[in-house]
1. What pairs come up if the first residue lies in the stretch 85-106 and is closer than 15 Å to residue 69 by Cα and outside any loop (DSSP other than H, G, I, E, B), the second is of a type in the set (Val, Ile, Thr) and modelled with pLDDT of 75 or more, and their beta carbons are under 7 Å apart, counting only those six or more places apart or on different chains?
2. Among the listed residues 16, 86, which satisfies the condition of being modelled with pLDDT of 85 or more and either surrounded by 10 or more Cβ atoms within 10 Å (Cβ to Cβ) or touching a His at 6+ places or on another chain (Cβ under 8 Å) (or both)?
3. Just name the residue that is surrounded by the fewest Cβ atoms within 10 Å (Cβ to Cβ) out of those in the stretch 32-67 that are among the hydroxyl-bearing types (Ser, Thr, Tyr) and in a helix (DSSP H, G or I).
4. With the structure loaded, tell me whether residue 70 is on the phi < 0 side of the Ramachandran plot, assigned to a helix (DSSP H, G or I) and in contact (Cβ under 8 Å) with a residue 40 or more places away in the chain or whether it fails that test.
Amino acid sequence: MTITPTNLPRPHMREVRAAAQNLDKRLRIQARAVAHSMEVFNPLIEEAKAAQIHRHLGFASWTAYIADVIGKEMKQLSVDDRRQIVELLSGEGMSQRAIAQARNLA
């Protein structure tokens, strides 16, 4: 017999619901954290580009600098997350080739 929330005895239903509510709470906290991170990340990218910080950090170009940041700091991101970063960088004028190199794809 498969145990599902609908055929569990009452005490177990409360445990399952409590566990679901706890998971929901954790998921929502992380979703807000991701949204906040992107809200912070976008202006930082714009600021770094406008200030041309790559020159002060020894990088030959803006794209070389951002490729270093993405290549080293974002390896663990999922494909969907990286896709969002690609859209952001593309909007900042970075070429698809430079973005691919940053993602270690070229």
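The values are calculated or read from the model by the stated rules, or taken from the named source; none is laboratory data. In this text the structure is predicted, and so the values were computed from the model without any measurement. Neighbour counts are summed over all protein chains in view; Cβ atoms, including those assigned to glycine, are modelled from backbone coordinates with ideal geometry.
1. Here the result reads 85/70; 88/45; 89/66; 98/63; 102/66; 102/70, each pair linking the stretch 85-106 to a residue that is of a type in the set (Val, Ile, Thr) and modelled with pLDDT of 75 or more.
2. When all the criteria are applied, what remains is 16.
3. Restricting attention to the stretch 32-67, the residues satisfying the condition of being among the hydroxyl-bearing types (Ser, Thr, Tyr) are 37, 61, 63, 65.
With the extra rule that they be in a helix (DSSP H, G or I), the set shrinks to 37, 63, 65.
Details: 37: 10, 63: 20, 65: 21.
Ranking the candidates gives 37 first.
4. no
Residue by residue, here is whether (1) small (Gly, Ala, Ser); (2) out of contact with any Asp or Glu (no Cβ under 6 Å at 6 or more places or on another chain); (3) farther than 23 Å from residue 35 by Cβ holds:
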residue: 50; (1), (2), (3): yes, yes, yes
residue: 53; (1), (2), (3): no, yes, yes
residue: 60; (1), (2), (3): yes, yes, yes
residue: 72; (1), (2), (3): no, yes, yes
residue: 77; (1), (2), (3): no, yes, no
residue: 81; (1), (2), (3): no, yes, no
residue: 84; (1), (2), (3): no, yes, no
residue: 99; (1), (2), (3): no, yes, no
